[in-house]
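Visitor: Please read through the structure below; I'll follow up with questions.
The values are calculated or read from the model by the stated rules, or taken from the named source; none is laboratory data. Since this is a predicted model, take the numbers as computed values, not measurements. Positions of Cβ are generated from backbone atoms using ideal geometry, with glycine treated the same way; all protein chains shown enter the neighbour counts. These accessible areas exclude ligands, DNA and RNA; they are computed on the full protein's heavy atoms, side chains included. Shrake-Rupley method; radii C 1.70, N 1.55, O 1.52, S 1.80 Å.
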Amino acid sequence: MSVHNPDIKRVTTHTIQELKNKGEKISALTAYDYSMARVVDAAGVELILVGDSASNVMAGHETTLPITLDQMIYHASSVVRGVKRALVVVDLPFGSYQGNSSEALRSAIRIMKESGAHAVKMEGGQEIRESIVRILSAGVPVMGHLGLTPQSIYKFGTYAVRAKEEAEAQKLIDDANMLQDIGCFGVVLEKIPAALTKTVSQSLTIPTIGIGAGPDADGQILVIHDMLGINNAFKPRFLRQYADLHTVMTEAIAHYVDDVKANDFPNEKEAY
C-alpha cells in the first residue's frame, strides 16, 4: 500500500521542493491516457510525466522523435482529466523547442493552455538555455533532463550509459547547475553513473529525478508500461518489473475468446 501523505491535496512544484528539503523521496511514473492516469494518481504517485515515450509505447515507433506537439497535447489532456492530486509534467517533443526560443515559447504555451498540465520538461543543457529562459519568463514551470536524452539518440548512436568520462560528467554537472540557476524546478537524470547522480543531487537545491541513475536521486521515475510488465520485451538493468500484466492480459483475453467460441459468453445472467 502507498504511504503517500493524505494531507497533500494537490502536488505542486513547491510540494516537490518541500519533499527534497525534508529528505523524502519523490515517486514519479509516466501516463498517457485518462484511465491509466486515474490509477497512477490514486495510488499516490507525486509526479506524472506525460512522456514523449508515448511515441514508443502508445504508437509503436522505434524512437521518441516522430511524436508531434498536437499528439502530446492530446495525451496530456487525457491525463489531466484523470488526475486529482499529482503534478502533471509534459515533454516538449523533438523539434518544438530546440532551434528557436519563440517557437519553444509557443509550444509550451499551447501545452499549458490546451491540456491544462502544470509544467513542461525539456531535454538538454546549455544548448537550449535561451529556450528555457524564454519559457520560464512566461511563468511556465520547466523541468530539465540531462544524461541520456532520447531525442538526441541519433547523435549518441546508442542508449548506453552517459557521462562515464570526466569531460561529459563535468558538462552534466555544469548544465545541472545552469538549469537550477535559471529557474528550473527540477531535473531528470537518465542513465548516468550512480556516483555522478549522488554528486549532482547533493550539490543542487532543486530535486533530481532518476531513471537508471542509481538510488541517490531525490526521486525515481519509470515508464508505466515497463514497470507493470505490459511491455515484456524491454528489460534493461535499471528496470524493476512490479507486475506481469502481459501474461495476465493475454490469459484473460484468451479465456474470453474461448468463452465466445464455446457460446458460453454471454450466459443467461449476462443477457437482458
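Visitor: State, to one decimal in nm, how far the label point of Asn232 lies from the label point of Ala195, with both points 7 Å from Cα in the Cβ direction.
Guide: Between Asn232 and Ala195, the label points sit 3.9 nm apart.
Visitor: Let me ask something else. Once the dipole of the chain is set up with Lys and Arg at +1 and Asp and Glu at -1 on Cβ about the Cα centre, which of Gly51, Leu245, Gln126 lies farthest towards its positive end?
Guide: Going by the Cα projections, it comes out as Gln126.
Visitor: Which distance in nm do the two modelled labels at Lys155 and Asp174 give, with both placed 7 Å along the Cα-to-Cβ direction?
Guide: It works out to 1.4 nm between the two label points.
Visitor: So what's the net charge close to Glu270: Lys and Arg +1, Asp and Glu -1, counting the other residues with Cβ under 12 Å from its Cβ?
Guide: -2
Visitor: A further question on this structure: In straight Cα distance, which lysines are under 20 Å from Lys84, not counting same-chain residues fewer than 8 positions off?
Guide: Counting by Cα, and skipping residues close in sequence, Lys84 has these lysines nearby: Lys9, Lys113.
Visitor: Please give the solvent-accessible surface of His61 in Å², to the nearest 10, using a probe radius of 1.4 Å with every protein chain present.
Guide: Answer for His61: close to 80 Å² accessible.
Visitor: In vacuum, with every alpha carbon of segment 149-252 counted as one equal point scatterer, what does the Debye formula give for log10 I(q)/I(0) at q = 0.11, 0.12, 0.19, 0.22 Å⁻¹? Two decimals, please.
Guide: -0.40, -0.47, -0.97, -1.17
Visitor: Grab the DSSP H runs of the chain that are 4 residues or longer, score each as -39,500 (n - 2.57), total them, divide by all residues and round the 222 nm result to the nearest 500 deg cm²/dmol.
Guide: Mean residue ellipticity at 222 nm (helix-derived): -12500 deg cm²/dmol.
Visitor: Okay, moving on. Would you work out the charge dipole size for the chain about its Cα centre, treating the Cβ of every Lys and Arg as +1 and the Cβ of every Asp and Glu as -1, and quote it to the nearest 20 debye?
Guide: Here the chain has a charge dipole of around 560 debye.
Visitor: Provide the gained length on full extension for the span Lys113 to Glu127, in nm with one decimal, where the gain is 0.36 nm per separating residue minus the Cα-Cα distance.
Guide: Between Lys113 and Glu127, full extension yields 2.4 nm more.
Visitor: If we count every other residue with Cβ under 13 angstrom of Gly183's Cβ, Lys/Arg +1 and Asp/Glu -1, where does the sum land?
Guide: Counting the neighbours of Gly183, the net charge comes to +1.
Visitor: Pick out which of Glu165, Glu103, Glu114 has the largest mean-square fluctuation in a Gaussian network model of the chain, springs linking Cα atoms closer than 10 Å.
Guide: Among Glu165, Glu103, Glu114, the largest GNM mean-square fluctuation belongs to Glu165.
Visitor: Can you compute the equivalent ellipsoid semi-axes for the chain, i.e. the square root of 5 times each eigenvalue of the Cα gyration tensor, sorted largest first and rounded to whole Å?
Guide: Each semi-axis is √(5λ); the values are 34, 20, 20 Å.
Visitor: From the P(r) of segment 175-225, could you give the percentage of C-alpha pairs in the tail past 18 Å?
Guide: 23
Visitor: Using a cut-off of 20 Å between alpha-carbon atoms, which lysines can reach Lys261, once sequence neighbours fewer than 8 places away in the same chain are excluded?
Guide: Once the sequence-local lysines are set aside, what remains near Lys261 is Lys269.
Visitor: Here's another thing I want to ask about it. Testing the spin-label approximation: label points 7 Å from Cα along Cα→Cβ at Ile182 and Asp259. State their distance in nm.
Guide: That separation, rounded to one decimal, is 5.5 nm.
Visitor: Also: Counting other C-beta atoms within 10 Å, and keeping those with at most 12, which DSSP coil trypsin sites (Lys or Arg not before Pro) do you find in segment 1-93?
Guide: Passing both the DSSP loop test and the Cβ count: Lys9, Arg10, Lys84.
Visitor: Excluding same-chain residues fewer than 8 positions from Lys25, which aspartates and glutamates have a Cα within less than 20 Å of its Cα?
Guide: Lys25 reaches Asp7, Asp41, Glu46, Glu190, Asp216, Asp218.
Visitor: Explain nothing, just the number: relative contact order of segment 31-107, from Cα pairs under 8 Å at least 6 residues apart, as a whole percent. Provide the component values of the computation, followed by the final result.
Guide: Details: 120 pairs, mean separation 29.0, N = 77.
Here the relative contact order equals 38 percent.
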